[in-house]
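Peer 1: Here's a structure for you.
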Amino acid sequence: MNMDDLTIGEAKRLTSIFGDSAKLNNGMVGKYVIVRCRDAGVHAGVLESHNGRECVLTEARRLWYWKPANGAAFLSGVAEDGLDAKSKVGKPVSRIHLTENCEIIRCSSVAESSIREQANYNEK
């Protein structure tokens, strides 16, 4: 099969075999997200790629201790309202590969700014 000469039908069959990653990622690739991992804790950053329970983040920060701002609840509150000043956030790393992801939550622009601007915990 010559990939350059695929018919629409052949392309559809290939998509059904390998899956449609655009649907799987729900439009979050390239967006700022929070990822909860089974063993690695909670991280925030730009979702570069996602495959099953693995993902790669760029511009990533570990949320060592997180408390949602504005009295919000749960990690989804952090993704929506950002971090309380008492939160402890690690220094940014350029790229991290995370495994055993439990959830990926897209951040609001308010939350993204809050996480990006939080002081590095080890430098307070």
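Peer 1: Could you tell me which residue of the stretch 98-124 is nearest to the chain's Cα centre (by Cα), considering only residues that are acidic (Asp, Glu) and within 18 Å of residue 39 (Cα to Cα)? Show your work before the answer.
Peer 2: Initially, the stretch 98-124 is screened for residues acidic (Asp, Glu), giving 100, 103, 112, 117, 123.
Next, only the ones that are within 18 Å of residue 39 (Cα to Cα) stay: 100, 103.
Values: 100: 13, 103: 9 Å.
Out of the qualifying residues, it is 103.
Peer 1: Further question: Return the total of residues in the stretch 6-33 being modelled with pLDDT of 90 or more and not aliphatic (A, V, I, L, M). Steps first, answer last, please.
Peer 2: Keep residues of the stretch 6-33 that are modelled with pLDDT of 90 or more, which gives 28-33.
Going one step further and asking which of them are not aliphatic (A, V, I, L, M), we end up with 30-32.
Residues flagged as modelled with pLDDT of 90 or more and not aliphatic (A, V, I, L, M) within the stretch 6-33 amount to 3.
Peer 1: From the list 48, 117, exactly one residue is surrounded by 12 or more Cβ atoms within 10 Å (Cβ to Cβ) and out of contact with any Cys (no Cβ under 7 Å at 6 or more places or on another chain). Which is it? Outline the logic, then answer.
Peer 2: Values: 117 fails: surrounded by 12 or more Cβ atoms within 10 Å (Cβ to Cβ).
The unique qualifying residue is 48.
Peer 1: Hey, another quick one. For residue 36, state whether it is touching a helix residue (DSSP H, G or I) at 6+ places or on another chain (Cβ under 7 Å) and at pLDDT 95 or above. I'd like the intermediate steps shown before the answer.
Peer 2: Details: touching a helix residue (DSSP H, G or I) at 6+ places or on another chain (Cβ under 7 Å): yes; at pLDDT 95 or above: yes.
Yes, satisfied.
Peer 1: Among the numbered conditions (1) out of contact with any strand residue (DSSP E or B) (no Cβ under 8 Å at 6 or more places or on another chain); (2) closer than 15 Å to residue 41 by Cα; (3) not small (Gly, Ala, Ser), tell me where residue 99 comes up short.
Peer 2: (1)
Peer 1: For the stretch 98-111: of the residues being part of a strand (DSSP E or B) and of a type in the set (D, E, K, R), which is nearest to residue 30 (Cα to Cα)?
Peer 2: First, pick out the residues of the stretch 98-111 that are part of a strand (DSSP E or B): 98, 101-106.
Pick out the ones that are also of a type in the set (D, E, K, R) and you get 103, 106.
On the way: 103: 16, 106: 10 Å.
Among them, the one singled out is 106.
Peer 1: Could you look through the stretch 57-68, keep only residues that are crowded, with 18+ Cβ neighbours inside 10 Å and either touching a residue at least 40 places away in the same chain (Cβ under 8 Å) or among the hydrophobic types (A, V, I, L, M, F, W, C) (or both), and pick out the one that is nearest to residue 40 (Cα to Cα)?
Peer 2: It comes out as 63.
Let's see how each residue does on (1) in a strand (DSSP E or B); (2) within 14 Å of the chain's Cα centre (by Cα):
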| site | (1), (2) |
| --- | --- |
| 45 | yes, yes |
| 49 | yes, yes |
| 59 | yes, yes |
| 63 | yes, yes |
| 79 | no, yes |
| 85 | no, no |
| 96 | yes, yes |
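The values are calculated or read from the model by the stated rules, or taken from the named source; none is laboratory data. Fair warning: this is a prediction, and the values are worked out from it, not measured in the lab. Every residue, glycine as well, gets a Cβ built from its backbone with ideal geometry; the counts of neighbours run over all protein chains shown.
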